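See below for the structure under consideration.
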Amino acid sequence: MRLSIPRLRGVLIAGAALLVLVLVAYIGIGRYRSLMVYRRLLKKSGISFTHDTNGFTYSQSVLDKKIFTLHAAKATQLGSGKWALHDADLTLFDKNGVAADHIMGSEIDYDESSQIVRAEGVVDMDLLPPQGLTNSGRAVTETDGKTPKPPSASKPDAQPIHVRTSGLVYMRKLRVASTEKEVDFSYGGMQCTAIGAEFDSGASTLRLLSQVRMQGVAHGQPMVVTAAQAEMNRDTNITTLTQPTVTSADRSASADRAVLNLRKDGSIERLQGIDHVVLRSEFQRVTAARLDATLNPQTLPEKARLSGDVVLTGTDNTRPMHGSAATVDAVFDAHGVPTQMTATGGAKLSVMDRRADVRGMNRSMEGATIVASFLPGRGRSSARLSEAHAIGSGHAAGDSIVPIKGAGVAEARKTTQIWGDDLRLAFVGDANGRSEAHKLDATGHTRLQQDAPMGAQTASSSDALTVAFAPDTRPGGGGKGAAPGGLGVASAVQSGHVTMNNRAAAKVGSTEPGAVSNGVADSASYDGATQQLTLSGNAHLDGDNSSLIAPVVVIDQVTEDTDARGGVQTTIRNAKSMDAAQSAKPAPVTHVLSSTAHFVHATRLAEFHGTDAEPVKMWQDASQVQAATLLFDGVHHTLSARGAAPGSLIHAVFAGTPATPKPGAAAKPANILRVASQKMDYNDVQREATFSGGVTMDGSKGEVRGQRAVVFLTPATKSASSPPPPPSATPSVFGGSGGQIDRTVVSGAVQMDQPGRHGTGEQLLYTAADGSYILTGTAAVPPRIVDAQQGTVTGATLLFSDQGSTIVVAGDAAAAKTPGGRVRSEMNVRPKPEERQ
């Protein structure tokens with residue numbers, strides 16, 4: 001109760017002094033008693049209130065544990081339980097009743113009834129950081145506004161986070177301090193600002209409500225962190241950022257949300273990026289649905305996982321790249337440098353290198369899983385790719401620049417592709433410290449394909465494959481001794497069930513594709529310097545018109561020339577006969593056995609080599625040729641046979657098909673002619689086989705010897721519209737008619753031996769159609785036949801047949817001067833007994 005002294009003056013003037021003294025005493029005692037009662041009530045409720053020369057102090061406890069203490073150097077009562085506090089310090093206690101946080105302001109209003117503290121002016125706060133951010137720096141202090149107090153016993157090494165803001169409101173009932181104004185704080189060298197903040201001392205969380213920005217230096221590099229919101233929980237050591245973006249030097253990272261788990265020593269133990277994760281560097285961009293990473297005490301990455309449609313995009317115009325996978329796992333060393341990355345789930349990576357060619361040369365790799373291993377680079381914080389391992393449906397590809405002739409351009413692109421169940425690609429460092437592909441090992445269903453200019457293609461498959469790559473010689477590439485640009489193949493080795501398919505380059509100016517060949521072998525090797533492919537171990541090679549079997553086959557992929565050695569078997573599918581009578585018959589087939597073989601694609605030459613002891617053997621149907629060397633000219637359709645040494649002989653067999661007998665007549669045997677000479681030259685266009693260097697011909701009717709012989713094969717019947725025979729690696733041997741003989745001419749010291757008959761002369765003509773012979777000589781040496789029954793017959797020309805004993809002699813009287821000789825214009829000889837039947 002308050003008594004007004006002016007009112008008492010008007011009523012009790014006489015006893016004013018005494019009454020005043022009585023009232024003053026009474027009021028003083030009442031106030032004292034009331035104050036004692038109030039203090040006892042405050043004590044019971046955990047509230048204490050003091051007012052001394054040091055100022056005003058108000059505190060509250062629950063179960064003997066302090067909640068907060070509000071101290072001010074000066075307190076002014078504003079009425080209705082409201083106070084104006086000057087130079088105020090609000091101390092907030094943690095759940096253990098230990099001082100944790102301080103809020104300081106020069107002017108603070110406190111409302112006892114609502115228990116709300118407001119500070120419109122500048123407010124400084126010292127907040128205890130999460131356990132994971134404590135270090136050996138400056139400890140938290142309890143202050144009375146001016147004089148520091150000893151640090152809290154439970155937090156002996158906690159360095160507080162200092163916050164400055166304004167418009168702060170503390171609601172004691174909720175134990176929440178909040179502001180809508182700008183917040184500025186710093187910690188560990190990082191400066192932070194935000195608009196709006198909320199600190200919940202009960203939940204021990206700090207929330208930054210909008211426009212969060214932190215900047216400072218991390219690992220020697222400037223770093224800026226921005227977020228829409230941030231929340232830090234001191235009890236769980238977890239910090240959550242909404243829409244964060246971290247930028248350091250030329251790198252940045254962002255996500256819809258990030259969660260950081262802190263260690264006791266203040267380092268980040270775990271980092272999570274959730275939804276729309278984006279990692280950027282100067283020339284690369286990685287996106288994923290989620291990032292999970294663990295970090296070492298130096299806040300450097302130890303392990304990281306990107307998951308959910310991981311996509312890598314290169315933004316460098318000179319080296320654009322693209323990669324994708326379902327997940328990517330990375331392992332780092334103690335310096336935060338990657339040592340291994342594993343991409344799983346349809347992993348793909350491609351790089352287009354435009355440093356030397358604006359069109360770009362592609363390099364790519366894909367597989368169910370790709371494991372990339374790294375070695376330390378030149379810098380402490382750099383790494384160099386040492387190996388890429390594709391597991392499951394692996395595929396690698398690369399382009400290179402190769403020279404090209406005859407197409408109007410100096411060089412063109414060549415693409416190499418490799419498939420396998422398991423691909424292991426090793427890299428080496430070039431002169432500039434970059435990684436260059438060195439060697440690739442592939443196993444399981446491997447395939448090597450090279451697409452060259454002009455439509456040329458070589459494809460081969462095997463059980464295992466090893467490819468060595470040539471270094472890059474482009475500007476900034478690998479240097480001396482390297483390939484002329486791109487990912488060139490230095491060598492390739494395939495083993496186990498090798499199959500091959502080759503398509504030759506198209507001719508210049510032609511729209512027709514090149515010839516196709518197929519092959520199989522136990523193993524295959526490719527030499528990039530010579531561009532030769534070698535098939536080894538029971539090699540089989542099939543072309544458009546021929547097939548080849550040999551222990552070793554070597555193919556020049558530039559010239560398309562082929563070499564075979566070690567017991568070669570060649571089958572030649574000749575052009576189909578253009579004989580109208582034989583048009584329904586299949587094309588003739590020629591077989592060749594040789595020690596070695598050489599095929600020249602440009603000139604259509606085929607060489608087969610053996611020895612005199614083991615000659616080349618060639619046959620078509622029953623016709624044969626044997627010689628140390630056989631040379632086919634597919635352009636001119638010729639065949640040459642030679643021995644290995646002077647005087648060596650070649651052998652040929654002509655097995656003509658006999659004429660179809662008349663109805664009821666007995667079938668005649670095949671017309672067999674065997675020829676031995678030093679040389680044989682066959683022309684398929686003229687259908688002539690010329691033998692020289694001494695000739696011996698052995699037929700079913702006898703033997704003929706001479707210096708030279710020409711065997712004429714039956715000419716093919718051609719229509720006016722028949723095209724000329726196409727060029728091929730080999731001619732249609734023996735005319736493609738099975739060696740059907742039309743006529744034979746033997747010349748030069750001819751000697752003929754038939755059963756019971758011997759003849760000599762300068763030339764002998766045999767016609768197969770009627771089995772007739774014409775033997776001629778010279779004026780000095782006329783032809784002569786010595787017959788067992790008829791004696792000696794001579795004349796300028798002797799005509800006889802293999803069907804009987806009749807000899808027709810045409811000549812002059814000079815022939816009669818030969819001792820013992822006779823001249824007749826016609827002579828009938830009595831048939832032999834066996835001929836009468």
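The values are calculated or read from the model by the stated rules, or taken from the named source; none is laboratory data. Fair warning: this is a prediction, and the values are worked out from it, not measured in the lab. Because the Cβ atoms are built from the backbone with ideal geometry, glycine has one as well, and the counts that use them run over all protein chains shown. Remember, those area values only see protein heavy atoms, side chains included, never the ligands or the DNA or RNA. Shrake-Rupley method; radii C 1.70, N 1.55, O 1.52, S 1.80 Å.
With Cβ to Cβ distances under 12 Å as the rule, what net charge do the other residues near Ala84 carry (K, R +1; D, E -1)?
Computed value for this residue: -2.
Under a cut-off of 12 Å between alpha-carbon atoms, report the aspartates and glutamates in cross-link reach of Lys65, not counting same-chain residues fewer than 8 places apart.
Of all the aspartates and glutamates, those that pass the test against Lys65 - Cα under 12 Å, at least 8 places apart if same chain - are Asp94.
I want to check the label-to-label distance for Thr499 and Thr313. Put each point 7 Å from Cα in the C-beta direction and report it in nm to one decimal.
With each label placed 7 Å out from Cα toward Cβ, I get 4.1 nm.
Dipole magnitude of region 496-557 about its Cα centre, charges +1 at Lys/Arg Cβ and -1 at Asp/Glu Cβ only, in debye to the nearest 20?
The dipole magnitude comes to about 80 debye.
For Ala412 and Gln243 in the same chain, what is the full-extension length gain: residue separation times 0.36 nm, less their Cα-Cα distance, in nm?
55.9 nm
In nm, give the distance between the simple-model label positions of Ala613 and Asn538, each being 7 Å from the Cα along the Cα-to-Cβ direction.
2.9 nm
Dipole size in debye (nearest 20) for region 263-353 around its Cα centre, Lys and Arg Cβ +1, Asp and Glu Cβ -1?
Computed about the Cα centre, the dipole is about 140 debye.
Would you mind getting me the FRET efficiency between Val781 and Lys507? Use the beta-carbon distance for r and R0 = 45 Å, nearest 0.05.
0.20
For region 156-210, with the dipole built from +1 on Lys and Arg beta-carbon atoms and -1 on Asp and Glu ones, taken about the Cα centre, which of Leu174, Ala197, Ile161 lies farthest toward the positive end?
Value: Leu174.
Using a simple spin-label model with points 7 Å from Cα along the Cα→Cβ vector, what separation in nm is obtained for Arg251 and Lys173?
That separation, rounded to one decimal, is 5.1 nm.
Excluding ligands and nucleic acids, what accessible area in Å² is computed for His445 using a 1.4 Å probe, to the nearest 10?
Counting only protein heavy atoms, His445 exposes about 150 Å² to solvent.
Amide H neighbours of Ala796 under 5 Å, counting only residues 5+ apart in sequence or on other chains, H built in-plane at 1.01 Å?
Hits under the 5 Å cutoff: Ala810, Gly811, Asp812.
Could you tell me which of the pairs Lys303/Lys414; Lys66/Lys181; Lys439/Lys507 are separated by over 32 angstrom between their Cα atoms in the structure shown?
Lys303/Lys414; Lys439/Lys507
Counting Lys and Arg as +1 and Asp and Glu as -1, what is the net charge of the other residues whose Cβ lies under 15 Å from the Cβ of Thr696?
Net charge around Thr696: +2.
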